[in-house]
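Colleague: Starting off with a structure, shown below.
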Amino acid sequence: MTAFKQAIADRSLTLWRNLTQTLGKVRVPSHPTSAASAGNQIEWLGGEVWQSVCPLCFCAENQTAFVEIVLGETARRLLGEAKITLVRCPACQVRYASPGCSVSYTEADRSALKFYLEQGAGIRSMLEPLQLADARPVARYLEIGCSYGFSMDYARRVLGWDVRGFDPGGLALAGKDQLGLPIENGYLDASAATGDFDLVFCSEVIEHIPDPQQYMGLMRRSLSSGGLALLTTPDGDCLRPDMPAEALLPIISPGHHVILYNARSLEFLLRQSGFTHTRLEQNGNQLRAAASDVPFSGSAVYFTAARYRDYLTQAVAQRPADDILYGGLVYRLLKEETNGGRFGEAQRWYDVLRDLYRDRYRIDIDNPAALVFQFPGAASFDEFGRRWPYNLAGIWYCRGIIQLIEERRPRDAAPTLMAAISFGEALRNQLRSIGTDDLETAQLCREAEIARISALAQFDAERALDAVFALRPGLDGPNSTRFRAHAQRARARLFADLINCGHHALAERLLETGPAPIDEAMRADDLAAICAWGIYLLTEKGRHVEAGRVFRRLWQAARESGRHNDLLWTARFHQGLAALYIGETDKAHEVAYEIAHPPPDWGSVPGHIACRIDELSKAGT
Ligand SMILES: [Zn+2]
């Protein structure tokens, strides 16, 4: 079996590269802070008939109550209601809140500016829907519900558009002042009905509007003939009992969201408003739509990652460093560069933040072990924000990834990633105390846990194993399906690392405590772990038939993904080896032939596989 030992050694480098490529992506959905909600309870109903009239199609028959939200204290105070019922219209499929009360937007968001600028605003996810626009020329841009105005600022700065915005909130007032944007600090009114805007953008707005017909009428009157409307809204079809509460609450947002559309009811709304051409797409829990009176033609490149980086770089260059927004923009650049694997650039932005925060907060973020940010319960959210920048979890996560992948210093990466986790939990505790949460920070903490376990595995495999055993759902609650998926992902990653590093006894201990890292769906995320599993079966357990099956499925998954050339050939080669060991020499020779004459759509054969072709023609050992 020495050839196989060598195979493991060869493979480990490749696997590690695959793994780090995946790890290098900061897979963070940049959600804006959700109004998830301290103490709001969701109860699913049996579908009783509800006496009400559908606000979209005006049907009054068989309106069905399907969810009841018993409000927590904060929401109860704001809304003056004890509970809200969600009702579904069988005719148009729209879902709506009954009573359809909503909070006052002029009061709701004044206190959270610092958090929004440093951490909460998901600028990238605000801009991404611009990808849905077609190639028609745009000179004048209107944004309804523009909030602080990041999209307007991007449109003006990067795309050169003439911009205007409406938003009644406190953030809009701040953005108008700080970015110098032409924002009307109020609700959309007839003054916008000028009929000369080429593009009207409503990001996460229509779910707040109890009277969509009047709103869409105003919106249409603002559009030029041949103009384009872009909308995003949460997908009402995501309201299912199998969805975790942390995903449901931001969609329901009691008191904020009064009508929830699915693809069909959104299409209904657009057609009812008079649009004759529509484009709809689903993106995670979000629906995105484009609508117009003239046909779509081609597609535009109003949003690309490169343009977004240009925007951030330009915006940073024009902000004074003592401005809160400056640190927020530099942080978003750090995230983009880390995400793209440009670690040199990322490190430069990290250095900027280190110096900035040393002056502003008197803290040394290079030395997180010396910092204590778990305050006793008395500290308020505001006090927390005076002492700390709200984006520290993400900054330490990015720094930890740089240490792990670029600098190859796992011993330094582990404590940095631990600091990211601890700070993220402290921040979320503070947010929850004021009735909200931050999904991006929640996801960052999970990514940091996975990366930290990978770091530990490289210098102290026992501790890595203990870290996996010690994973706890924490703030997400014991029944969180997201936590279970996270824990399984951590186990799969660690299993791959342990096999790669030759820690077979520890890998066995991991297997004793849960299922093998095999997922029926074979998510791209798990392919490295599945490869390690196959090698383990083949070389350690002598379970050649089973190993052959694992490698066959892995090979198929790699082919379907079209992105894993190295894994594809590695899987195929080991499938051939497994065949050889169970006496199927024809199959082994077939694989050898493929390596010698690669099919055109499989990509080139990696060197570490090509040089082992002879092993497939030998007799089994
Ligand atoms: Zn209806």
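Colleague: Across the stretch 259-281, what is the number of residues that are away from the ligand (no atom under 16 Å from the Cβ) and among the hydrophobic types (A, V, I, L, M, F, W, C)?
Modeller: 2
Colleague: Still on this structure: Go through the stretch 160-261 and tell me which helices (runs of 4 or more DSSP H), entirely inside it, have 2 or more residues that are out of contact with any strand residue (DSSP E or B) (no Cβ under 9 Å at 6 or more places or on another chain).
Modeller: 170-178, 212-222
Colleague: Here is a follow-up. Any idea which of (1) in contact (Cβ under 8 Å) with a residue 24 or more places away in the chain; (2) within 29 Å of the chain's Cα centre (by Cα); (3) over 30 Å from residue 59 (Cβ atoms) is the one residue 197 doesn't satisfy?
Modeller: Only one criterion is unmet by residue 197, namely (2).
Colleague: Just for the stretch 93-120: of the residues that are within 16 Å of the ligand (Cβ to nearest atom) and among the hydrophobic types (A, V, I, L, M, F, W, C), which one is modelled with the lowest pLDDT?
Modeller: Among those residues, the one meeting the criterion is 97.
Colleague: Report, by residue number, each residue of the stretch 264-281 that is touching a Cys at 6+ places or on another chain (Cβ under 9 Å) and among the aromatic types (Phe, Trp, Tyr). Lay out the reasoning, then the answer.
Modeller: Looking only at the stretch 264-281, we keep the residues that are touching a Cys at 6+ places or on another chain (Cβ under 9 Å), and these are 264-265, 268-269, 272.
Scanning the stretch 264-281 gives a single hit, 268.
Every residue, every condition in (1) more than 16 Å from the ligand (Cβ to nearest atom); (2) small (Gly, Ala, Ser); (3) at negative phi; (4) within 29 Å of the chain's Cα centre (by Cα), yes or no:
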| position | (1), (2), (3), (4) |
| --- | --- |
| 208 | yes, no, yes, yes |
| 218 | yes, no, yes, no |
| 224 | yes, yes, yes, no |
| 229 | yes, yes, yes, yes |
| 232 | yes, no, yes, yes |
| 236 | no, yes, yes, yes |
| 242 | yes, no, yes, yes |
| 252 | yes, no, yes, yes |
| 257 | yes, no, yes, yes |
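Colleague: Shifting gears a bit: Hey, could you check the stretch 216-270 for residues that are among the β-branched types (Val, Ile, Thr) and at pLDDT 90 or above and say which is surrounded by the most Cβ atoms within 10 Å (Cβ to Cβ)? Step through it out loud before you land on a result.
Modeller: At the first step, the residues of the stretch 216-270 found to be among the β-branched types (Val, Ile, Thr) are 232-233, 251-252, 258-259.
Filter once more, keeping what is at pLDDT 90 or above: 232-233, 258-259.
Details: 232: 23, 233: 25, 258: 23, 259: 23.
The qualifying residue surrounded by the most Cβ atoms within 10 Å (Cβ to Cβ) is 233.
Colleague: Filtering the stretch 48-82 down to residues that are under 29 Å from residue 268 (Cα atoms) and more than 16 Å from the ligand (Cβ to nearest atom), which residue is surrounded by the most Cβ atoms within 10 Å (Cβ to Cβ)?
Modeller: 69
Colleague: Could we say that residue 90 is within 16 Å of the ligand (Cβ to nearest atom) and modelled with pLDDT of 90 or more here?
Modeller: So residue 90 passes the test.
Colleague: Still on this structure, please answer the following. Tally the residues that are surrounded by fewer than 24 Cβ atoms within 10 Å (Cβ to Cβ) and part of a helix (DSSP H, G or I), restricting the search to the stretch 386-402.
Modeller: Qualifying residue count, the stretch 386-402: 3.
Colleague: Buried (at least 19 other Cβ atoms within 10 Å of the Cβ), within 27 Å of the chain's Cα centre (by Cα) and not in a helix (DSSP H, G or I): does that describe residue 118?
Modeller: no
Colleague: Right, next: Which of the residues spanning the stretch 405-417 are at pLDDT 95 or above and part of a helix (DSSP H, G or I)?
Modeller: 406, 410, 411, 412, 413, 414, 415, 416, 417
Here is a yes/no grid of residues against (1) in contact with a helix residue (DSSP H, G or I) (Cβ under 6 Å, 6 or more places away or on another chain); (2) assigned by TED's automatic domain parsing to the domain that holds residue 160; (3) farther than 21 Å from residue 115 by Cα; (4) among the charged types (D, E, K, R):
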| site | (1), (2), (3), (4) |
| --- | --- |
| 328 | yes, no, no, no |
| 336 | yes, no, no, yes |
| 340 | no, no, yes, no |
| 361 | no, no, no, no |
| 372 | no, no, no, no |
| 384 | yes, no, no, no |
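The values are calculated or read from the model by the stated rules, or taken from the named source; none is laboratory data. Source: prediction; values computed, not measured. Note that each Cβ is placed from the backbone with ideal geometry, even for glycine, and that neighbours are counted across all protein chains shown.
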